[in-house]
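To keep things clear, I will list the structure first and then write my remarks on it.
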Amino acid sequence: MFVKLAMHLRLMALGKLDLSSRSVAVSEAMIFQYILENMPVYHNQTNRLKGDCGFSSGARDKTEAFIRDNPVSPREQEEVRSAEELQLQNEFFCKGIYTLAHTCVNYEKVVSRGIKGILDDVAAEKQAKTGTHLDYLTAMEIALNSFIRFAGRFGVDYVPLNPARNFPEALQCIWLVHLVISISEYNSASISLGRIDQYAYDCFMKSDEKESELWFDDFLDKINSYGDAACNVNLGGVDPDGNDLCNELSYFIARRVKKKLMPSPILSARIHSGFPQELFDTLIDPDLFRIGQPTFYGEKSCLKALERRGIPEADTHKWAANSCMGLIIQGHEVSDMWGVVVSSLLPLELALNNGKPFEKELFLELQTQPCGRYDDFEALYRQFIEYWHEVIDFCIEANRKSTERYAKEFINPYVSTLLDDCVARGEDRVVGGSRYYNVITEAFALVNAADALFTIKKMVFEEGKYSLAELVTAAKNNFANQEELYGQIIRLPKYGDGEAEADAMAARLARDFVAKVGAYSNEKIAYAPSCHTLNSHVPAGKLYAASLDGRTQGAPFAKNGGTSLGLVRKDLTSLFRSAVTIDQSEFFGGQPIDISLDTRLIDTIGGKRKFQQLLQTYFEMGGLQVQVNGLTAEDLKKAVDAPDKYDDLIVRIGGYSTYFNHLTDDIKIEMINRFSSGT
Amino acid sequence: MSKKVAGLVFDIKKFAIHDGPGIRTTVFMKGCPLRCLWCHNPESISPEREISLVEHKCIGCGWCFENCPNHAHINVDGKRVFDRDKCLRCGVCSGHCYAGALEVVGTEMMVSEVIDEVMKDKPFYDNSGGGMTLSGGEPMLQFEFTRELLAAAKEQGLHCCLDTCGFTRFERYQELFDNVDIFLYDLKETDPDLHLEYTGVPLQPILDNLKKLSDAGADIWLRCPVVPGLNDRPEHFAEIGRIAELYSGVKQVTIHPYHPLGSSKSKNIGQDYVLKDKPFADKSDIGNWVEKVSANTAKPVSSEG
């Protein structure tokens, strides 16, 4: 609701402030100032931390009332995107748009030096700058001073102006910075805290632990009440010499999250051979897994990914996990986290269907000439690649235009003060102020396309069982009356089965995607390949016809770095072996793999150790990230209702693991009862 | 060592974490000399291949009705019937069952094929102290295959466990002794009469082999299935503890509480399951069983599940 209020207050500011003689940067700062001065605020008396925006009760109605009581002149938002762009986004899930929020700023600077420290930096740079840079620094000053006054509205006067003296002050400071990022971006998505166990450590060590517990628990309540499910907190990491950086605050955070059992912030455990065993044992926990906590990163693989990307060795160890999967240099980097999204099934449909999608007409005029027939698989593959490149080119260009518009219309002097080197350069973070900048370029359905191509290669070109036209017709008809054909497709090896041939196809597509996307990277912008989907693989799949990997019409795409049909058909080691045939060090935009686990597996120390060894092996083999979901009774009930969707559900029975679907109905009911009762 | 020897395997399970130390791959072989009432792998008992039918997966396409060479699959008043007496176990039906309802249980595999499959997970073994476990059924029933598998695994530097019921000629254990790191040794019932009743074979040869293995310096993990109402007797637990304490080769004891998983599998292969109405063991009972065994041995005693 407060973001809605911020957006309305912006319109009010535009109506009330005379900005005609102001630069864009100063105008934005003054709008920001207006918003902070007029945002409805309150103090939640049940929480020690101050900083609540909106209304304490009846928020929805009161927000609507506020908007009604403060009418603004309607501002027509002219649609500047082309019909081709809109269609690609809405009907094919391919897009290029600058992503708001999703930022992980330099909280360390605020905690250790206070806003006054940053103001000093701004003042110093103003002495040396002229023109637009000087102007931008002025805007930064306005923004920071507005922020200080905003804190004062809550009676918070010492921090964030001054460095925090203890952990409660550090948390208060961090919370206000975090809150106002959302206001300044008009979006509260994925604002991450990053390496809090490092930058708040000194403050933590100066504070009474019991007092810290009370404040941190309130901090967790605040984060969760504001509904940012993708706020990320890192645990550990390594220093430049490879020494582990887990400390007392890392353990403290793990313990408190375990106590409160809250889904946010996402705990990101940075695993390497020196990760403390005790902390590992704390994190491999059934209760945590059941709420999807924590997520695990392979530290060494992530460092390699950042090196491959070109981050100087002096900076790589400073990386932080951002949001649910990105790797960034915290406080120094802008990550356009959904900047480019390309569905790999669109170009495949074009290649298979004479330059047309299976179900709709495409507005975009393609340069690639359709090919009527293919003499061999390689000819088809080349055609697929040509279409893929065209769509990628289009979406990257769309992102570039969107970013250009955003840079002119919605620059953010406040956030820019918190991302280095914007102050030193006197520039906004989007136009080159930040030291690093990445545009995450998502390859949706890459594995679906790979498995579909594998099907075609096998069944058409190698075994000659079917013609390409027959397969395409079957897919267009959602495999109706084609049970035998469909069954054969399903029984073919797929990525995730640990079968070399199928994996090789996925690895090939991955290499080609990386090569194409990487060619766009330059000194200023890194285009970061990723297979991350969050949960958008579901709405994306709804837009597409059936595909030749066996995915039926409207069914979800592969989730993140997982399998095309969303099933782990063999076992976890096979899944992991498949996953590392893709060189994940080139997918520095993030490559999470999701696994489901019967949490009774980790009820014993032996089970925990084996799970730990499984993860560590995967990371050593080159895996970047694993997300674990602990099975619940609800999952089993869903499996009873829709067994086809849960073919890979494995449960533990008396020291033995078996597929839930293989059990008789009465045993399934018994299992559900046992899960419900925690036995 | 011959990698050209073949055997009948019904499953190769990766990420096996209950079959020895670390992360393992367990190779399950067909055939068992025992007939345990509580067997949770009934598909392992017969040394022949079998056809498993998972009813809920059948989509009624009718292909098997039309193509079974011996008309074992028939449609009776709209209901599918699988006449197993007529089944030749040729696998024609399962080869075409795209719904996955029909599957052949038992595939002939060469030693080299099995080892290639097992070796795929070597990084996981290396990181966890895991390796290969041979199980079943009873691996010693396919003795040559078991011997060659172990030899081939050792050539690859794999840690090897042998999950065995102990009912075989000791000379066979001697032949492959050097290639087995841990014997996962089943001790199902310590009363001789009840052992015969519950498993179909006498107890004494199993105890004799246990002693001989221990005397020969083997590392042995005792695995003791416990079935409420059958062998959950105080004297049985006491005897397990005594035996564990008696033999220096026994390094630990694991209680395996009964579970009705075998009931589902029996149904799939068209067999009756004697204990089909018996529920899972109660968690609180399991703790008591462990305590009772522990009271008679200093060796570690734990439970699975």
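The values are calculated or read from the model by the stated rules, or taken from the named source; none is laboratory data. All values reported here derive from a predicted model rather than from experimental measurement. Cβ: placed from backbone, ideal geometry, glycine included. Neighbour counts: every protein chain shown.
Restricting attention to the stretch B:252-273, and to residues there that are polar (S, T, N, Q) and more than 8 Å from chain A (Cβ to nearest Cβ), which single residue is farthest from residue B:223 (Cα to Cα)?
B:271
Which of (1) under 20 Å from the mean Cα position of the chain (by Cα); (2) under 25 Å from residue A:612 (Cβ atoms); (3) touching a residue at least 60 places away in the same chain (Cβ under 8 Å) does residue B:124 not meet, given it meets every other one?
(1)
Surrounded by 14 or more Cβ atoms within 10 Å (Cβ to Cβ), more than 10 Å from every other protein chain (Cβ to nearest Cβ) and more than 19 Å from residue B:40 (Cβ to Cβ): does that describe residue B:227?
No; evaluated as a whole, the condition is false for this residue.
Take the stretch B:18-34 and flag every residue that is surrounded by fewer than 24 Cβ atoms within 10 Å (Cβ to Cβ), within 8 Å of chain A (Cβ to nearest Cβ) and in contact with a helix residue (DSSP H, G or I) (Cβ under 6 Å, 6 or more places away or on another chain).
B:22
Collect the residues in the stretch A:566-592 that are away from chain B (no Cβ under 11 Å), buried (at least 23 other Cβ atoms within 10 Å of the Cβ) and under 15 Å from residue A:503 (Cα atoms), keeping them in residue-number order. Give the derivation first.
To start, the set of residues in the stretch A:566-592 that are away from chain B (no Cβ under 11 Å) comprises A:566-567, A:579, A:581-592.
Those left that are additionally buried (at least 23 other Cβ atoms within 10 Å of the Cβ): A:579, A:582, A:584, A:587-592.
Within the stretch A:566-592, A:579, A:582, A:584 qualify.
Checking residue B:28 against (1) modelled with pLDDT of 95 or more; (2) over 30 Å from residue B:204 (Cβ atoms), which single condition isn't satisfied?
All conditions pass for residue B:28, except number (2).
It is to be established whether one or more residues within the stretch A:344-352 are under 22 Å from the mean Cα position of the chain (by Cα) and buried (at least 24 other Cβ atoms within 10 Å of the Cβ).
Yes, there is a match, as at least one residue in the stretch A:344-352 is under 22 Å from the mean Cα position of the chain (by Cα) and buried (at least 24 other Cβ atoms within 10 Å of the Cβ).
Using beta carbons and a limit of 7 Å, which pairs, at least six apart or on different chains, have the first residue in the stretch A:637-650 and farther than 18 Å from residue B:59 by Cβ and without any contact (Cβ under 8 Å) to a residue 12 or more places away in the chain and the second one crowded, with 18+ Cβ neighbours inside 10 Å and small (Gly, Ala, Ser)?
none
Kindly state which helices (runs of 4 or more DSSP H) lie completely within the stretch A:1-119 and contain at least 1 residues that are aromatic (Phe, Trp, Tyr) and more than 30 Å from residue A:545 (Cβ to Cβ). Step through it out loud before you land on a result.
Working: elements: A:2-16, A:24-38, A:59-69, A:83-92.
Result: A:2-16, A:24-38, A:59-69.
Here is a list: A:207, A:273. Which entry is hydroxyl-bearing (Ser, Thr, Tyr), more than 17 Å from residue A:324 (Cα to Cα) and in contact (Cβ under 8 Å) with a residue 60 or more places away in the chain?
A:273
Out of A:395, A:371, report the one residue that is at pLDDT below 95 and either at negative phi or exposed (fewer than 15 other Cβ atoms within 10 Å of the Cβ) (or both).
Answer to the selection: A:371.
Which condition from (1) buried (at least 19 other Cβ atoms within 10 Å of the Cβ); (2) at negative phi; (3) modelled with pLDDT of 95 or more; (4) part of a loop (DSSP other than H, G, I, E, B) is the one that residue B:166 breaks?
Looking at each condition in turn, residue B:166 falls short on (2).
Which fully enclosed strands (runs of 3 or more DSSP E) of the stretch B:96-163 have 1 or more residues being buried (at least 24 other Cβ atoms within 10 Å of the Cβ) and among the hydroxyl-bearing types (Ser, Thr, Tyr)?
Filter on the stretch B:96-163 gives B:131-135.
Out of A:337, A:262, report the one residue that is in contact (Cβ under 8 Å) with a residue 12 or more places away in the chain, under 20 Å from residue A:394 (Cα atoms) and under 23 Å from the mean Cα position of the chain (by Cα).
Of the residues listed, the single one that is in contact (Cβ under 8 Å) with a residue 12 or more places away in the chain, under 20 Å from residue A:394 (Cα atoms) and under 23 Å from the mean Cα position of the chain (by Cα) is A:337.
So which residues in the stretch A:301-316 are surrounded by 19 or more Cβ atoms within 10 Å (Cβ to Cβ) and of a type outside the set (Gly, Ala, Ser), if there are any at all?
Scanning the stretch A:301-316 gives A:302, A:303, A:304, A:306, A:309, A:311, A:316.
Consider residue A:555 against the criteria (1) in contact (Cβ under 8 Å) with a residue 24 or more places away in the chain; (2) in a loop (DSSP other than H, G, I, E, B): it satisfies all of them except one. Which criterion is unmet?
Exception for residue A:555: condition (1).
When you scan the stretch A:247-272, how many residues do you find that are in a loop (DSSP other than H, G, I, E, B) and either on the phi > 0 side of the Ramachandran plot or at pLDDT 95 or above (or both)?
3
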